[in-house]
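Let me begin by presenting the structure, written as structure tokens, before commenting on it.
The values are calculated or read from the model by the stated rules, or taken from the named source; none is laboratory data. Owing to the predicted nature of the structure, the values given are computational and were not obtained by experimental measurement. For neighbour counting, all protein chains shown are included, and Cβ atoms are generated from backbone atoms with ideal geometry for every residue, glycine included. Protein only, heavy atoms only, side chains kept; ligands, DNA and RNA dropped before computing areas. Shrake-Rupley method; radii C 1.70, N 1.55, O 1.52, S 1.80 Å.
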Amino acid sequence: MNAALKPVASPHVMNTYGRLPIALSHGRGVRVWDTAGKEYIDALGGIAVNTLGHGHPKLVPALQDQVAKLIHSSNYYHVPNQEVLAQMLVERSGLTNVFFCSSGLEANEAALKLARKYGHDKGIERPEIVVYEKAFHGRSIATLSATGNPKVQAGFGPLVEGFIRVPLNDIDALKKATQGNPNVVAVFFETIQGEGGINPMRAQYLKDVRALCDANDWLMMIDEVQCGMGRTGKWFAHQWAGIVPDVMPLAKGLGSGVPIGAVVAGPKAANIFAPGNHGTTFGGNPLAMRAGVETIRIMEEEGLLENAARVGAHLHDALAKGLAGKAGVKEIRGQGLMIGIELDKPCGVLTQRACDAGLLLSVTADSVIRLVPPLILTTAEADEVANILLPLIHAFLAE
């Protein structure tokens with residue numbers, strides 16, 4: 001038997017994922033190939049990570065150059081590209097400074113620490129943070145506690161205290177939940193919830209939350225880990241509402257596949273951390289910083305924000321047209337190249353069926369098909385995605 005055709009398995013790896021039975025070998029653009037030679041169109045992008053697709057001709061030589069020079073040095077020393085990337089993020093966000101780490105979880109954990117210290121600095125002994133139903137902020141004990149999914153929390157109690165949970169897009173519920181509570185220090189949310197099912201915060205709601213945070217001297221902390229870095233057609237999804245947060249965790253697409261996380265802070269939060277308050281071994285390493293700098297540079301050179309908005313709208317329209325009036329389709333939502341198709345029943349089987357048909361995607365919140373392809377996707381490739389996916393949805397709903 002050909003070795004490449006043997007069933008793919010990882011018996012010595014901890015069984016923490018419900019994996020599909022393939023292993024990817026290499027990629028080019030928005031296409032990837034598995035170890036058996038089968039080709040796929042990648043509409044998952046490593047879960048909103050591979051901003052520039054695979055094997056980008058400008059990114060690869062830059063990373064090869066950096067690997068040959070210096071991969072890691074530690075934060076005992078200045079890392080010049082930390083300042084370069086921090087300045088790029090500050091200029092594009094309207095904020096003031098950046099802490100670098102290695103993942104979205106770490107960025108969100110740092111944001112929670114910032115909020116707590118902000119409260120302690122104001123004399124609040126037990127600071128409380130407002131979080132949201134259906135939110136997902138990570139799997140550490142603190143970020144898990146901030147997450148609004150009982151399924152992923154099960155078995156890991158006791159959770160961390162100090163969180164007040166509210167529903168999405170309901171300013172009255174937020175006011176009621178916090179009324180007369182002197183311990184509230186921050187409101188923490190995703191502009192568009194990713195794992196929760198591609199649930200957007202409405203623009204007016206974002207403006208109302210900003211006003212409420214200003215009135216109460218709370219930190220507005222926006223998790224842009226999945227919806228940021230150009231995915232919606234602006235650098236950060238909250239920018240569609242014309243607001244500026246105080247704290248903004250980033251990760252995923254910032255390094256086009258190289259692990260990276262960042263917390264971008266505005267004037268209210270910029271000086272909360274002092275030396276010794278927070279740190280990281282791998283965060284801000286020269287390789288990750290080069291990846292971030294080159295990702296932003298290439299995104300601008302190639303007009304990928306405009307591309308995400310245009311191609312995302314095209315894909316959304318193709319899906320809407322192909323599913324118009326279809327019983328069982330609840331809603332198609334999202335923005336740019338972050339699209340969710342909610343069906344009226346659990347549809348996890350579509351992940352494998354799409355894979356069999358040569359399309360990589362995911363199902364999140366049980367019944368939402370999630371599409372977060374690389375931002376280099378063309379309209380022709382978007383049509384390919386729709387042409388593979390639509391018949392699968394129709395067949396599934398007919399069962």
Subject >> Residue identified as closer than 25 Å to residue 188 by Cβ and surrounded by fewer than 19 Cβ atoms within 10 Å (Cβ to Cβ) among 333, 297 >> reply: 333
**OP:** With the checklist (1) open to solvent by 30 Å² or more (accessible area, probe 1.4 Å); (2) within 23 Å of the chain's Cα centre (by Cα) in hand, flag the one item residue 307 doesn't pass.
**Re:** (1)
**OP:** Restricting attention to region 58-110, report how many residues are closer than 26 Å to residue 188 by Cβ, without any contact (Cβ under 8 Å) to a residue 60 or more places away in the chain and polar (S, T, N, Q).
**Re:** 1
Original post:
What are the residues in region 111-146 that are in contact (Cβ under 8 Å) with a residue 40 or more places away in the chain and β-branched (Val, Ile, Thr), if any?
Top reply: 124, 129, 130, 131
**OP:** Go through the residues of region 361-374 one by one and say whether even a single one is on the phi > 0 side of the Ramachandran plot, open to solvent by less than 50 Å² (accessible area, probe 1.4 Å) and not hydrophobic (A, V, I, L, M, F, W, C).
**Re:** no
Subject >> strands (runs of 3 or more DSSP E) wholly inside region 15-87 containing at least 3 residues that are among the small types (Gly, Ala, Ser) and surrounded by fewer than 14 Cβ atoms within 10 Å (Cβ to Cβ) >> reply: none
**OP:** Using the structure shown, decide if residue 143 is under 21 Å from residue 217 (Cβ atoms), among the hydroxyl-bearing types (Ser, Thr, Tyr) and at pLDDT 95 or above.
**Re:** no
**OP:** Restricting attention to region 77-126, report how many residues are within 19 Å of the chain's Cα centre (by Cα) and of a type in the set (Asp, Glu).
**Re:** 2
Original post:
Is there a residue being farther than 21 Å from residue 195 by Cα, open to solvent by 40 Å² or more (accessible area, probe 1.4 Å) and over 17 Å from the mean Cα position of the chain (by Cα) anywhere in region 243-253?
Top reply: yes
Original post:
With respect to residue 228, is the statement that it is within 30 Å of residue 205 (Cβ to Cβ), free of Cβ contacts under 8 Å to residues at least 40 places away in the same chain and crowded, with 17+ Cβ neighbours inside 10 Å true?
Top reply: yes
Original post:
Across region 94-116, what is the number of residues that are open to solvent by 40 Å² or more (accessible area, probe 1.4 Å) and part of a strand (DSSP E or B)?
Top reply: 2
